[in-house]
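**Student:** Here you go, one structure.
The values are calculated or read from the model by the stated rules, or taken from the named source; none is laboratory data. None of these values were measured; they are calculated from a predicted model. Ideal geometry is used to build each Cβ from the backbone, glycine not excepted, and the neighbour counts take in all protein chains shown.
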Amino acid sequence: MLKTKQLAGISLAALLLIVMSIIPGTETLSQAGIKTICTLIAFIIMLTTAPFRILHICLIFLGLLPVLGVAPSFAAAITGISNPVILFVIASFGISAAFTTLPLSKRILVTLLHRFGKNIKLMLLGLMASIFVISGFVSSVPTCAVFMAIALGFLELYDDPEDRKRTGRAFMIAVPVAAMVGAFMTPIGSTLNLLALNELEKHTGLTIPFVQWMAAGVPIAVATLPVAWYCILKIHKPAEISAAMVNNFIKHLEIPEKLTRPEIITLIITGIMIIFWVASSWVSGINIMVVTLLGACALCIPQLKTLKFDAFVDDISWDSVFLIAAVISIGNLMVTNGVSGFIISIIPELNVSTPVFIALATTAYFIMLIVIPVAPSLIVIIGAPLISLAIGAGSSPQLVMLVSAICSCCCFLLPLDTVQLLTYGKGYYSIRDMFVSSLPVQIFMILVISLWLPVIGRAFGMV
């Protein structure tokens, strides 16, 4: 049975798709362009009200694009499916599956707990640090899912329901926040990063090499994580634990004492991938998406016993795959139908310094993520306008797309992103809890991004 919000979403989206056909085009924006804007808005309405599964909504809109006259043909409507980013998304779930089916992620957590798990404060920091490190190379959604399960197991150690609730609130907020902060450390940490790179290359022909991305992303992420930890700790005040509780928790993880052969092979293959990812900064023939795809395939070789291919396929989130495909397809039509050019033409130039421009762009982006809480769509909607503004202000399009990727990865003001929804559904925290925890973090990020990105831009000749 559909809820009132879902029925309202379907009605509003349907009304928009009907009315758009009678809105005439103008000298600056054709009717096809108007239809593209209206279809995108209807698509976002359906995603945010969620009357159907995301995959279902994406397939509906991909089919409607040629029917409604937004795309000239079905082939033009599904250009996003053939984009290289799609295969990267699929491959990233293979790498995630290898890490989550083997006890590698648990080993990292246990190592940190032995070192820092003397009290609840350090326990929380150890958990967030583990998630943070892994999400730099593994997709945020499966990383969040694995550590959410670990955190839920830890909460069972509390006998007092109030202590469990209070601690659960802190931990269930900390898990997705750590995953989202770690995701922008490398280009392959999140699909959103690759989507931002795709927009940059499409509109300018420029890119951001792997090492340069890390030089920009890692310091910001490393500075942000302890701030996020401190805010969550002070606002939600998890109940204290004893060393015996930590030891009991570690014992229940049931991790083999020594690294198993599949774990060693997985680490070797991952190490080789990292070498090639880093080398891509200097060797133009190395494509990080190709490396990721071949690495995922190598992990599935049956004789290695690192990952069963069926487990790989089962772990793929087709919702995520087709959401990216639909967003890229609609984004391409925004360019083809003149929407991007129209938006650029009505935006005034900003004559400000690079740090001020970056600060304004970061602030505006975080605010827009409240209005349009679908990060992939926002990257496509404002990619071209942001790049145009950056060039007009004498700033760097590469830096502004880094802003786009970082802000999109960290859209944690409201628990509406796929990563946050995993823990939000457990009932430990409210929308207000997430908002008050993450608002100080995003304000801090605006400051750090504004100060650090111009430095990186000058160091690598982007500015």
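**Student:** Consider A98 against the criteria (1) modelled with pLDDT of 85 or more; (2) surrounded by fewer than 20 Cβ atoms within 10 Å (Cβ to Cβ): it satisfies all of them except one. Which criterion is unmet?
**Tutor:** (2)
**Student:** Another question, if that's okay. Looking at I286, I241, I235, can you tell me which residue is within 29 Å of L152 (Cα to Cα) and assigned to a loop (DSSP other than H, G, I, E, B)? Quick ask: steps written out before the conclusion?
**Tutor:** Numbers: I286 fails: within 29 Å of L152 (Cα to Cα); I235 fails: assigned to a loop (DSSP other than H, G, I, E, B).
Among I286, I241, I235, only I241 is within 29 Å of L152 (Cα to Cα) and assigned to a loop (DSSP other than H, G, I, E, B).
**Student:** May I ask you to list pairs of residues, at least six apart or on different chains, whose Cβ atoms are under 9 Å apart, with the first in the stretch 190-219 being without any contact (Cβ under 8 Å) to a residue 40 or more places away in the chain and not assigned by TED's automatic domain parsing to the domain that holds G94 and the second being surrounded by fewer than 24 Cβ atoms within 10 Å (Cβ to Cβ) and outside any helix (DSSP H, G or I)?
**Tutor:** E201/T207
**Student:** Tell me, yes or no, whether the stretch 110-119 has at least one residue that is under 30 Å from A215 (Cβ atoms), surrounded by 17 or more Cβ atoms within 10 Å (Cβ to Cβ) and out of contact with any strand residue (DSSP E or B) (no Cβ under 8 Å at 6 or more places or on another chain). Can you show your working first?
**Tutor:** Step one: of the stretch 110-119, the residues under 30 Å from A215 (Cβ atoms) are 111-112, 115-116.
This time we only want the ones that are surrounded by 17 or more Cβ atoms within 10 Å (Cβ to Cβ), so: 112, 116.
The next check asks that each one be out of contact with any strand residue (DSSP E or B) (no Cβ under 8 Å at 6 or more places or on another chain); those that pass are 112, 116.
There is at least one residue in the stretch 110-119 that is under 30 Å from A215 (Cβ atoms), surrounded by 17 or more Cβ atoms within 10 Å (Cβ to Cβ) and out of contact with any strand residue (DSSP E or B) (no Cβ under 8 Å at 6 or more places or on another chain).
**Student:** Hey, could you check the stretch 25-35 for residues that are at pLDDT 90 or above and more than 12 Å from G341 (Cβ to Cβ) and say which is surrounded by the fewest Cβ atoms within 10 Å (Cβ to Cβ)?
**Tutor:** Out of the qualifying residues, it is Q31.
**Student:** Continuing with the same structure: Tell me yes or no: at least one residue of the stretch 374-383 is of a type in the set (V, I, T), over 30 Å from L55 (Cβ atoms), surrounded by 22 or more Cβ atoms within 10 Å (Cβ to Cβ) and in contact with a Ser or Thr (Cβ under 6 Å, 6 or more places away or on another chain). Walk me through how you get there before you give the answer.
**Tutor:** Residues of the stretch 374-383 of a type in the set (V, I, T): 374, 379-382.
Next, only the ones that are over 30 Å from L55 (Cβ atoms) stay: none.
Within the stretch 374-383, none of the residues are of a type in the set (V, I, T), over 30 Å from L55 (Cβ atoms), surrounded by 22 or more Cβ atoms within 10 Å (Cβ to Cβ) and in contact with a Ser or Thr (Cβ under 6 Å, 6 or more places away or on another chain).
**Student:** Pick out the one residue from S345, S280, S284 that is closer than 30 Å to C38 by Cα and not aliphatic (A, V, I, L, M). Show your work before the answer.
**Tutor:** Working: S280 fails: closer than 30 Å to C38 by Cα; S284 fails: closer than 30 Å to C38 by Cα.
Selected residue: S345, the only one of S345, S280, S284 that is closer than 30 Å to C38 by Cα and not aliphatic (A, V, I, L, M).
**Student:** Follow-up question, since we're still on this one. Quick check on my filter: what residues within the stretch 262-292 are hydrophobic (A, V, I, L, M, F, W, C), under 20 Å from N83 (Cα atoms) and either buried (at least 18 other Cβ atoms within 10 Å of the Cβ) or not assigned by TED's automatic domain parsing to the domain that holds T186 (or both)?
**Tutor:** First, pick out the residues of the stretch 262-292 that are hydrophobic (A, V, I, L, M, F, W, C): 264-265, 267-269, 272-279, 282-283, 286, 288-291.
So of that shortlist, the ones also under 20 Å from N83 (Cα atoms) come out as 277, 286, 288-291.
Hits for the stretch 262-292 are W277, I288, M289, V291.
**Student:** So, one more: Got a sec? Which of L453, L422 is assigned to a helix (DSSP H, G or I), over 18 Å from M180 (Cα atoms), touching a helix residue (DSSP H, G or I) at 6+ places or on another chain (Cβ under 6 Å) and not assigned by TED's automatic domain parsing to the domain that holds T224?
**Tutor:** Details: L422 fails: over 18 Å from M180 (Cα atoms).
Testing whether each residue is assigned to a helix (DSSP H, G or I), over 18 Å from M180 (Cα atoms), touching a helix residue (DSSP H, G or I) at 6+ places or on another chain (Cβ under 6 Å) and not assigned by TED's automatic domain parsing to the domain that holds T224 leaves just L453.
**Student:** Just to be sure before I move on: is K121 over 30 Å from C407 (Cβ atoms) and either in a helix (DSSP H, G or I) or among the basic types (K, R) (or both) in the structure I sent? Steps first, please.
**Tutor:** Details: over 30 Å from C407 (Cβ atoms): no; either in a helix (DSSP H, G or I) or among the basic types (K, R) (or both): yes.
Answer is no for this residue.
Here's the yes/no breakdown for (1) more than 19 Å from V335 (Cβ to Cβ); (2) not small (G, A, S):
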site	(1), (2)
P373	yes, yes
S377	no, no
G383	no, no
I387	no, yes
A390	no, no
S395	yes, no
V403	yes, yes
C410	yes, yes
P415	yes, yes
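**Student:** Go through the stretch 437-463 and give me each residue that's in contact (Cβ under 8 Å) with a residue 24 or more places away in the chain and over 19 Å from C407 (Cβ atoms).
**Tutor:** Once the filter is applied, which keeps residues that are in contact (Cβ under 8 Å) with a residue 24 or more places away in the chain and over 19 Å from C407 (Cβ atoms), the stretch 437-463 yields A459, F460, V463.
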